[in-house]
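Structure, as C-alpha cells:
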Amino acid sequence: MNWAALIAWVVTAGGGFVLLAIWLRNGGMNQQDGGRIRAARILSHFALAAVGLVLWIVYVASGSTTVAWLAFALLAVVALIGFSMLFIWLAQRKSREVAAAEQRFPVAIVGLHGVLAATTLVLVFLAAAGIGS
C-alpha cells in the first residue's frame, strides 16, 4: 500500500506540475482580479503537496507512522486548497467571461488530476492506518 500511494502521489504531482506550467506560461503570476486563482493559492497548493510527498518518501524509507500521519495531514490540507481552486475554475468556466490563465487548463488533465488526487488521499490514509501492509 505504501508503494501504491507513492506511485499515485508521483503521478498526481506530474499532472499538477503540467497544470502549474500552463498557468505560469499564461500569466498566472500576474493575475490580480477577483474570481481568478491567485498565486498564493496555487503556489501554496504546489509547495505543500511537494513537502507532503517528501514526507511520504521519508515514511516509505523509514516506516515511521508519525511521518505517515504528518504526510496525510498535509495532503488533506492540499486537497482542501485543491477543491477551492476547482470551484473557482468551475465558476469561471460557467461564466465564460473571465480570461484567466487557468482557463487554458485542459479539462481532461484537471479531471485526471482530481481523480488521482482523491485516490492518493485514500491510499495514503489506508497506508498510514496500517491497512494493506
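Rounded to the nearest 20 debye, the dipole magnitude of the chain is 320 debye, with +1 charges on Lys and Arg beta carbons, -1 on Asp and Glu beta carbons, and the Cα centre as origin.
Under the combined filter of DSSP loop state and at most 16 neighbouring Cβ atoms within 10 Å, the stretch 52-121 retains these trypsin sites (Lys or Arg not before Pro): R96. Springs between Cα atoms under 10 Å define the GNM used for the chain, and in it the highest mean-square fluctuation of S84, S64, S95 occurs at S95. Each part gets one Cα centre, and for the stretch 51-124 versus the stretch 1-50 those centres are 8 Å apart. Taking the number of Cβ atoms within 10 Å of each Cβ as an exposure proxy, the fewest-first ranking of M85, M29 is M29, M85. As a proxy for reagent exposure, ranking T12, T65 by other Cβ atoms within 10 Å from fewest up yields T65, T12. Compute the angle between helix 65-95 and the longest alpha-carbon principal axis of the chain, please, reported from 0 to 90 degrees and rounded to the nearest 10. Roughly 20 degrees, rounded to the nearest 10. The C-alpha atoms of the chain define a longest principal axis, and helix 107-128 lies at about 20 degrees to it.
When the Cα gyration tensor is reduced to axis lengths a ≥ b ≥ c, the ratio a/c is 1.5 or higher for the chain, and with a/b above b/c it is classed as prolate. Taken along the Cα-to-beta-carbon direction at a fixed 7 Å, the label points for F83 and I57 span 2.9 nm.
Laboratory data are not the source of any read-out in this text; all were calculated from the coordinates shown. Just so it is clear, the model here is predicted, and its values are computed rather than measured. Every residue, glycine among them, receives a Cβ derived from its backbone with ideal geometry; neighbour counts consider all protein chains shown.
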